[in-house]
Amino acid sequence: MSARPIPPTSALTQPYWDAAGRGQMTVQRCEQCEHRPFPPRATCPSCGGSSLSWSPVSGRAKVYSYTVAYRAPHPVFAAQLPLVVAIVELEEGPRMVTNIVGCDPAEVEVGMAVEFTPEPIDDTDMVLPVFSPTNESG
């Protein structure tokens, strides 16, 4: 079976992937209105400004919504089943689609405190930002 798919990168998204590879979470921040868009964009969806910079974030989040996949969307994911696909809301505001790892899928709940956990992708230098439970209560 082939290796896990590698997320596409571009000049716009490369700083995000580079930071993840260093074990850091980073998102864009609009210099004009302070909005933190995600996923990365060329212009701010809040004010239309084009002055966006990358800034580190805590990596702490809460589960906003989730589902548990018991059937692999592609054969390369079969070994990861059941797979928790979630939207998490970062402490700094942006929401992102990710996976919840490090716990029984039955333990995942909306409001659950989670934190960024770098997960290497197979034999590549790329790291996928996933989240695992913290000891905080939701």
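The values are calculated or read from the model by the stated rules, or taken from the named source; none is laboratory data. This one's a predicted model, so the numbers in the text were calculated from it and none came from an experiment. Here the Cβ positions follow ideal geometry from the backbone for every residue, glycine too, while neighbour counts run over all protein chains shown. Accessible surface areas use protein heavy atoms only, side chains included; no ligands, DNA or RNA. Shrake-Rupley method; radii C 1.70, N 1.55, O 1.52, S 1.80 Å.
The residue among 7, 120, 82 whose Cα reaches farthest toward the positive pole of the charge dipole of the chain, with charges on the beta-carbon of Lys, Arg, Asp and Glu, is 7. Count the net charge of all other residues whose Cβ sits under 11 Å from the Cβ of residue 87, scoring Lys and Arg as +1 and Asp and Glu as -1. Charge balance near residue 87 sits at +1. Between the residues 48, 108, 25, the greatest Cα displacement towards the positive end of the dipole of the chain, with unit charges on the Cβ of Lys, Arg, Asp and Glu, is found for 48.
So for the stretch 1-88, what percent of the C-alpha to C-alpha distances run longer than 15 Å?
Above the 15 Å cut-off, the stretch 1-88 has 69 percent of its Cα pairs.
Could you please state how large a percent of the accessible area of the chain is carbon and sulfur, counting protein chains only and using a 1.4 Å probe? List each step's numbers first, then the result.
Values: 3860 of 7730 Å².
For the chain, the apolar C and S fraction of the accessible surface comes to 50 percent.
Using the Cβ-Cβ distance between residue 12 and residue 76 with R0 set to 25 Å, the FRET efficiency works out to roughly 0.45. Available extension along the chain between residue 125 and residue 67 is 18.0 nm, counting 0.36 nm per residue and deducting the alpha carbon span.
Grab the beta carbon distance between residue 54 and residue 85, set R0 = 35 Å, and tell me the FRET efficiency rounded to 0.05.
Numbers: r = 26 Å, r/R0 = 0.73.
It comes to 0.85.
Rolling a 1.4 angstrom probe over the protein heavy atoms, how many square angstrom per residue are accessible across the chain?
Working: 7730 Å² over 138 residues.
That works out to 56 Å² per residue.
Normalised by the number of residues in the chain, the mean separation of alpha-carbon contacts (under 8 Å, six or more apart) gives a relative contact order of 22 percent.
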